[in-house]
2 protein chains.
Amino acid sequence: MKVTVVKDILDANRRVSSVNKARFDEAKLFVVNLMSSPGAGKTALLEKTIADLKGELSIGVIEGDIQTSLDADRIEAAGATFTHQINTHGACHIDGNMIAPVLDLMDMSVLDLLVVENVGNLVCPAEFDVGEDEKMVLFSVTEGDDKPKKYPLMFQESNLMVVNKIDLLPYLDSELETIHKNARDVHPGLTIFDVSCRNGDGLDAFYGWLKEKVAAKKAG
Amino acid sequence: MKVTVVKDILDANRRVSSVNKARFDEAKLFVVNLMSSPGAGKTALLEKTIADLKGELSIGVIEGDIQTSLDADRIEAAGATFTHQINTHGACHIDGNMIAPVLDLMDMSVLDLLVVENVGNLVCPAEFDVGEDEKMVLFSVTEGDDKPKKYPLMFQESNLMVVNKIDLLPYLDSELETIHKNARDVHPGLTIFDVSCRNGDGLDAFYGWLKEKVAAKKAG
């Protein structure tokens with residue numbers, strides 16, 4: 001009974017999200033669903049990305065948070081072309097239904113990239129498409145190198161893992177190689193970039209990935 | 001409709017958990033529901049606690065993880081009196097129904113303290129009692145000082161917050177005072193201890209809290 005309810009919810013979400021996806025595809029807008037634990041640095045990564053790619057990519061962000069507009073305020077200040085805050089009021093993830101009405105508020109033709117910054121949660125968001133082209137997981141080295149094995153769905157669903165806060169590695173017991181190995185054990189084809197949003201290390205590779213994907217979507 | 005389903009699930013859980021609670025109360029066993037984001041250090045805190053209080057408190061641990069028995073293996077090696085691993089296979093929290101059958105596997109009379117280590121998730125576990133005396137949230141300074149405002153239910157439901165990894169503060173932009181302030185803004189009566197499981201700083205205050213609570217439950 002409980003399983004049926006869950007299946008119905010997931011099926012309904014897939015239907016709504018496929019409509020979102022069709023609208024993004026028509027606008028040739030590349031969309032990323034950005035997921036992580038709380039505090040891995042999703043907003044910090046977007047702030048850096050928006051600032052560093054100013055003039056190259058026009059970026060919109062839909063912020064998902066249980067409460068507050070703290071993140072949308074930061075994203076707007078960073079210079080995003082479009083920013084919208086969703087407050088889920090308790091819900092642990094963003095789903096297609098929450099995104100659908102926001103599409104009417106944005107002019108997709110002026111955007112190159114739309115990022116949906118999900119609620120900080122390494123579990124639930126991985127189950128719900130929003131209509132994105134790519135799911136990506138941001139992972140902080142402070143979370144410990146065993147996590148991809150303990151929360152496998154997130155790493156299986158994501159095609160890209162960005163490992164953040166590598167500047168803290170000297171002060172931790174986590175090993176970067178072990179994080180990579182554990183993540184690729186659950187998802188062999190995973191693309192990985194190691195970065196520090198604090199000092200900028202490694203961000204160029206991530207920007208290169210974004211620009212390639214945006215160009216491919218426009219060409220497609 | 002969706003809201004009704006959620007309410008039914010929460011009501012059903014409360015009924016099962018109150019039966020668990022009655023069994024814990026009869027055994028005068030103090031029970032903590034330990035919650036945090038992934039990688040805040042729940043298992044590390046329990047390893048230290050079990051080792052440091054050996055001979056003083058007999059501790060049982062029910063480990064909740066989506067997958068793997070990595071944590072139960074560590075807890076058993078640390079010398080817990082009782083260890084049991086629950087794998088939720090995708091579910092984002094531990095509920096009363098998952099705990100109930102485990103109670104038949106343990107001899108409560110030889111335990112002073114039972115800890116339910118929840119799935120790493122700062123959202124969903126806060127909604128589900130398991131029959132505990134106290135909910136506690138472990139918070140890592142690496143998660144950023146804004147998180148109590150962004151995930152308020154977890155900090156409202158918990159009577160104790162332990163702030164971990166304070167040895168990393170010199171390398172972060174997080175301020176301990178801001179973490180305290182933001183947590184007390186959403187829960188004015190919150191008890192707070194700052195610790196480092198890595199170097200042992202501050203753990204004695206947490207152990208004192210545990211021993212007091214255990215003694216009170218036995219006396220109760």
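All of the numbers you see were taken from the coordinates with simple rules; none came from a lab. Quantities reported herein were computed from a predicted structural model and do not represent experimental measurements. When we count neighbours, we look across all protein chains shown, and the Cβ atoms used for this are built from the backbone with ideal geometry, even at glycine.
Distance between the C-alpha centers of the stretch B:177-205 and the stretch A:30-46? Whole Å please.
Each part's Cα centre sits 26 Å from the other's.
With +1 on each Lys and Arg Cβ and -1 on each Asp and Glu Cβ, and nothing else charged, work out how big the dipole of chain A is about its Cα centre, in Debye to the nearest 20.
In total the dipole reaches around 420 debye.
Between A:ARG184 and the same site in the other copies, what are the distances in nm, shortest first, taking label points 7 Å from Cα along the C-beta direction?
4.9
From the square roots a ≥ b ≥ c of the eigenvalues of the alpha-carbon gyration tensor of the stretch B:1-82, which class results: rounded (a/c under 1.5), prolate (a/b over b/c), or oblate? Spell out each step's value before the answer.
Working: a/c = 2.93, a/b = 1.55, b/c = 1.89.
Because a/c hits 1.5 or more and a/b fails to exceed b/c, the stretch B:1-82 counts as oblate.
Give me the distance in nm between label points sitting 7 Å out from Cα along the Cα-to-Cβ direction at A:MET108 and A:GLU134, one decimal.
So the label points at A:MET108 and A:GLU134 sit 1.9 nm apart.
Run lengths n ≥ 4 of DSSP H only: what is the helix-derived mean residue ellipticity at 222 nm for the protein assembly as shown, with -39500 (n - 2.57) per run over all residues, to the nearest 500? Show your work: numbers first, answer last.
Numbers: 16 runs with 182 residues, N = 440.
The per-residue figure over the protein assembly as shown is -12500 deg cm²/dmol.
Counting other C-beta atoms within 10 Å, which of B:VAL5, A:VAL102, B:VAL116 has the fewest, and how do the rest follow?
B:VAL5, A:VAL102, B:VAL116
Name the nearest-to-axis residue of chain B, judged by Cβ distance to the rotation axis taking chain B onto chain A, and quote that distance in whole Å.
B:THR142, 2
Kirkwood Rh and Cα-based Rg: tell me the resulting Rg over Rh for the protein assembly as shown, rounded to two decimals. Can you show the working numbers first?
Numbers: Rg = 21.9 Å, Rh = 22.5 Å.
That ratio equals 0.97.
List every residue whose amide H lies under 5 Å from the amide H of B:GLN85, counting only residues 5 or more places away in sequence or on a different chain, with H placed 1.01 Å from N in the peptide plane.
Amide H neighbours of B:GLN85: B:GLU63.
How large, in Å, is the stretch A:2-219 by the Kirkwood hydrodynamic radius built from its alpha-carbon pairs? Don't skip to the end; give the middle numbers.
Values: mean 1/r = 0.0571 Å⁻¹.
In the stretch A:2-219 this quantity evaluates to 17.5 Å.
Along Cα-to-Cβ, 7 Å out, sits the label point; list in nm, shortest first, how far the one on B:LEU70 is from those in the other copies.
Ordered by increasing distance: 2.7 nm.
If the rule is a partner Cβ under 4.7 Å, which cysteines in the protein assembly as shown fail it?
Singleton cysteines: A:CYS197, B:CYS197.
If you put a point 7 Å past Cα along the Cβ direction, how far is that point for B:LYS211 from the same point in each other copy, in nm, smallest first?
6.1
Mind checking which lysines have their C-alpha under 19 Å from B:LYS54, skipping anything on the same chain fewer than 8 residues away?
B:LYS42, B:LYS211, B:LYS213, B:LYS218
Net charge near B:HIS187: determine it from the other residues with C-beta under 15 Å of the C-beta of B:HIS187, scoring Lys and Arg +1 and Asp and Glu -1.
Working: positive: B:LYS135, B:LYS147, B:LYS149, B:LYS150, B:LYS181, B:ARG184; negative: B:GLU134, B:GLU157, B:ASP185.
Within the 15 Å Cβ shell, the charges total +3.
List the aspartates and glutamates whose Cα lies under 13 Å from the Cα of A:LYS48, skipping any in the same chain that are fewer than 8 positions away.
Those aspartates and glutamates meeting the cut-off are A:GLU76, A:ASP201, A:ASP204.
Assuming 0.36 nm per residue, please report the length gained on full extension of the stretch A:GLN156 to A:ASP11 beyond their Cα-Cα distance. Spell out each step's value before the answer.
Numbers: separation 145, 0.36 × 145 = 52.20 nm, distance 1.94 nm.
Additional length available on full extension: 50.3 nm.
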